[in-house]
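Written out below as structure tokens is the structure these notes cover.
The values are calculated or read from the model by the stated rules, or taken from the named source; none is laboratory data. These figures come from a predicted structure and were not determined experimentally. Methodologically, a virtual Cβ is constructed for each residue, glycine included, from the backbone with ideal geometry; neighbour enumeration extends over all protein chains shown. To get the accessible areas, we keep the full protein, side chains included, count just its heavy atoms, and leave off ligands, DNA and RNA. Shrake-Rupley method; radii C 1.70, N 1.55, O 1.52, S 1.80 Å.
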Amino acid sequence: MKMTFRWYGENDCIPLSYIKQIQGMTGVVTAVYDIPVGEVWPVEKLRRLRDLAAAAGLEAEVIESVPVHEDIKLGKPTRDKYIAAYAENIRACASVGVKCICYNFMPVFDWLRTDLCFRHADGSTSLAYDHAALLALDPKDLHLPGWDESYTPDELRALLAEYEGMTHEQLFENLVYFLRGVMPACDECGVDLAIHPDDPPWDVFGLPRIVSSEADYERLFAAVPNMHNGITFCTGSLGAGRENDLPKLAGKYAKRIHFAHLRQLKYDGEINFYENGHQTAEGDVDVYAIVKALVKGGFKGYVRPDHGRNVWGENAKPGYGLYDRAMGACYLTGLFEAVQKEEK
């Protein structure tokens with residue numbers, strides 16, 4: 001296991017020198033953010049990220065994410081050129097030492113929350129999801145926390161219209177087509193692709209979700225058995241689906257899990273939830289049991305503490321402050337050390 005930390009590049013308010021000070025931290029998870037989706041990333045941009053990390057004593061072996069163009073998800077005739085560009089991005093990443101690429105196949109929105117500053121009793125804040133609040137939104141005039149800067153109203157309406165009638169089967173077939181198109185590049189370069197589960201793991205605004213459960217994983221690996229086709233095991237996204245047995249999934253797919261996002265959530269009613277500190281006692285995700293299952297299953301991938309709270313008055317990107325994720329990283333490192341010693 002290698003402990004890593006999400007870093008948003010040179011514009012991140014958290015400097016690499018602070019990340020390096022977190023005990024047990026081996027590297028950062030980053031990406032190129034200023035190139036339009038579907039275009040090939042310049043190698044010099046990737047090289048700069050790697051060199052900045054290396055100068056701070058950190059590795060840069062994981063990219064999160066190389067986004068998948070919507071034309072690929074929609075299955076448009078233009079998808080082949082974007083798949084070819086994606087394969088070139090895999091090669092470019094590999095040329096600077098990247099070993100794992102996280103991606104998702106969610107149409108339009110790759111995460112949804114209704115509150116980015118849910119206030120806890122102790123004064124800390126976190127991300128939260130309220131299903132009734134989401135359903136109350138007008139699909140023809142959507143304004144969503146964290147997304148209003150990503151699409152203009154006209155762009156969003158046009159994109160949602162393109163997905164009208166899209167079935168789960170069609171979206172799954174488009175995912176398989178994409179993976180079969182990029183697996184040769186993964187084989188050539190030794191790069192693992194790790195698909196992030198749907199967040200949240202249910203259909204929203206009529207958009208199908210196809211990576212939300214054990215059955216979805218079984219279907220995906222049967223269609224594309226290549227071991228480079230793997231999982232980003234996000235305990236928050238999968239954990240929002242109460243039917244998912246996370247320790248079971250962690251153990252079953254440990255060798256397919258190339259990247260693990262370990263975070264906590266607390267159910268608030270039947271479907272609502274809010275995010276919390278990483279410790280098992282702080283929510284409904286049994287982080288200890290998941291770590292134990294990963295170790296016993298032979299997990300050898302990358303880990304990062306996922307969304308944390310904003311604590312101690314920190315004014316940082318919601319979910320991505322320094323302090324709570326640093327505490328989470330130390331907690332997770334301790335769990336892995338204890339479980340590994342127990343197994344020996």
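Could you tell me whether Ile35 is in a helix (DSSP H, G or I) and under 20 Å from the mean Cα position of the chain (by Cα)? Talk me through it step by step, then tell me what you get.
Numbers: in a helix (DSSP H, G or I): no; under 20 Å from the mean Cα position of the chain (by Cα): yes.
Taking the combined requirement at face value, the residue does not satisfy it.
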Restricting to the stretch 206-243, give me the number of residues that are open to solvent by 20 Å² or more (accessible area, probe 1.4 Å) and polar (S, T, N, Q). 2
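For (1) open to solvent by 30 Å² or more (accessible area, probe 1.4 Å); (2) modelled with pLDDT of 95 or more, each residue gets a yes or a no:
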residue	(1), (2)
Asn104	no, yes
Cys117	yes, yes
His143	yes, no
Pro153	yes, no
Ala161	yes, no
Leu179	no, yes
Asp199	no, yes
Return yes when Gly190 is at positive phi and over 13 Å from the mean Cα position of the chain (by Cα) and no when it is not. yes
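Can you go through Ala281, Ala289 and tell me which one is out of contact with any strand residue (DSSP E or B) (no Cβ under 9 Å at 6 or more places or on another chain) and open to solvent by less than 50 Å² (accessible area, probe 1.4 Å)? It would help to see each step written out before you state the result.
Values: Ala281 fails: open to solvent by less than 50 Å² (accessible area, probe 1.4 Å).
Answer to the selection: Ala289.
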List pairs: first in the stretch 136-164 and over 19 Å from Pro36 (Cα atoms), second surrounded by 14 or more Cβ atoms within 10 Å (Cβ to Cβ) and among the charged types (D, E, K, R), Cβ under 8 Å, 6+ apart or cross-chain? Lys140/Arg157; Pro145/Arg113; Pro145/Asp115; Glu162/Glu70
For the stretch 207-230, pairs from a residue that is touching a residue at least 24 places away in the same chain (Cβ under 8 Å) and farther than 30 Å from Lys140 by Cα to a residue that is part of a loop (DSSP other than H, G, I, E, B) and hydroxyl-bearing (Ser, Thr, Tyr), with Cβ under 7 Å and 6 or more apart or across chains, are Tyr217/Tyr253
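Looking at Pro107, is it touching a Pro at 6+ places or on another chain (Cβ under 8 Å) and either in contact (Cβ under 8 Å) with a residue 60 or more places away in the chain or over 22 Å from Met3 (Cα atoms) (or both)? Please lay out each step first, then the result.
Values: touching a Pro at 6+ places or on another chain (Cβ under 8 Å): yes; either in contact (Cβ under 8 Å) with a residue 60 or more places away in the chain or over 22 Å from Met3 (Cα atoms) (or both): yes.
So Pro107 passes the test.
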From the option list Tyr267, Tyr274, single residue qualifying as within 20 Å of Trp111 (Cα to Cα), open to solvent by 20 Å² or more (accessible area, probe 1.4 Å) and under 18 Å from the mean Cα position of the chain (by Cα) is Tyr274
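Any chance the stretch 333-343 includes a residue that's assigned to a loop (DSSP other than H, G, I, E, B) and of a type in the set (Gly, Ala, Ser)?
Just the residues of the stretch 333-343 that are assigned to a loop (DSSP other than H, G, I, E, B), to begin with: none.
No, the conditions are met nowhere in the stretch 333-343.
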For the stretch 163-177, the count of residues that are crowded, with 16+ Cβ neighbours inside 10 Å and either at pLDDT below 95 or among the charged types (D, E, K, R) (or both) equals 0
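Going through the stretch 310-324 one residue at a time, which ones are out of contact with any Lys or Arg (no Cβ under 8 Å at 6 or more places or on another chain) and at negative phi?
Taking the stretch 310-324 first, the residues out of contact with any Lys or Arg (no Cβ under 8 Å at 6 or more places or on another chain) are 310-319, 322-323.
Across the stretch 310-324, the qualifying residues are Asn310, Val311, Glu314, Asn315, Ala316, Lys317, Pro318, Leu322, Tyr323.
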Please work out which residue is most open to solvent (accessible area, probe 1.4 Å), limiting yourself to the stretch 59-86 and to residues that are closer than 19 Å to Leu159 by Cβ and either assigned to a strand (DSSP E or B) or among the polar types (S, T, N, Q) (or both). Thr78
